[in-house]
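The values are calculated or read from the model by the stated rules, or taken from the named source; none is laboratory data. Computed from a predicted model, the values in this text were never measured in an experiment. Note: ideal-geometry Cβ built from the backbone for every residue, glycine included; neighbour counts use all protein chains shown. SASA here: full protein model, heavy atoms, side chains in, ligands and nucleic acids out. Shrake-Rupley method; radii C 1.70, N 1.55, O 1.52, S 1.80 Å.
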Amino acid sequence: MVSCESTAPTPDQLDALEQKVRADHQVYYDDLNQRRAAGQLTQAEYETEKTKLDHQVHSKVDTMLWTRHELAQSEMKANGIPTPDRPVLLDAPGVGSVQGSLYSSSRMNGLGNQIQGNFMRDVGGSNFNERRAGTVYDQ
């Protein structure tokens, strides 16, 4: 059941971590607001700085969660647990290994082909391979 659990970040995890990281960066947001209120920044400069700060927050959240995911995937691979990029290898049965299969080995290997060919020759008579398309009345 452990391998069924996804380690990919969910939207809820992204939102929760973003709130935490944004709270950690609140000092920078407050400083930015104070500089705008004091007239040190124009509205355009404020928007640019705020966009940069928002980008830093989003980048940190993405890095933290996706790094956690990659570490969990690496640990699972190291322990031999299947992951989406390394699934369980299920080999299909080989030709003739399934009893009663249409593709049995007696039909595929040389001896089976020889026996089947001899049977077709014997049933069809001596001119089995000489028959052509048409009716029995054709000469």
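Which value, in Å² rounded to 10, gives the accessible area of SER74 with a 1.4 Å probe and all protein chains present?
Using a 1.4 Å probe on the heavy atoms, I get roughly 70 Å².
Please compute the per residue accessible area over segment 35-79 with all protein chains in place, 1.4 Å probe, rounded to a whole number of Å².
The answer is 71 Å² per residue.
Could you tell me which of rounded, prolate or oblate describes segment 1-84, using a ≥ b ≥ c as the square roots of the eigenvalues of the alpha-carbon gyration tensor, with rounded for a/c under 1.5 and, failing that, prolate when a/b is larger than b/c and oblate otherwise?
prolate
Please report, in debye to the nearest 20, how large the charge dipole of segment 35-79 is about its Cα centre when each Lys and Arg carries +1 at its beta carbon and each Asp and Glu carries -1 there.
Values: 7 positive and 7 negative charges, 23 e Å.
Charge dipole of segment 35-79: 100 debye, to the nearest 20.
Accessible area of segment 35-79 with a 1.4 Å probe: how many percent of it is carbon plus sulfur?
Whole-percent figure for carbon plus sulfur exposure: 51.
In Å and whole numbers, how far do the C-alpha atoms of segment 35-79 stretch along each principal axis, longest first?
58, 14, 7
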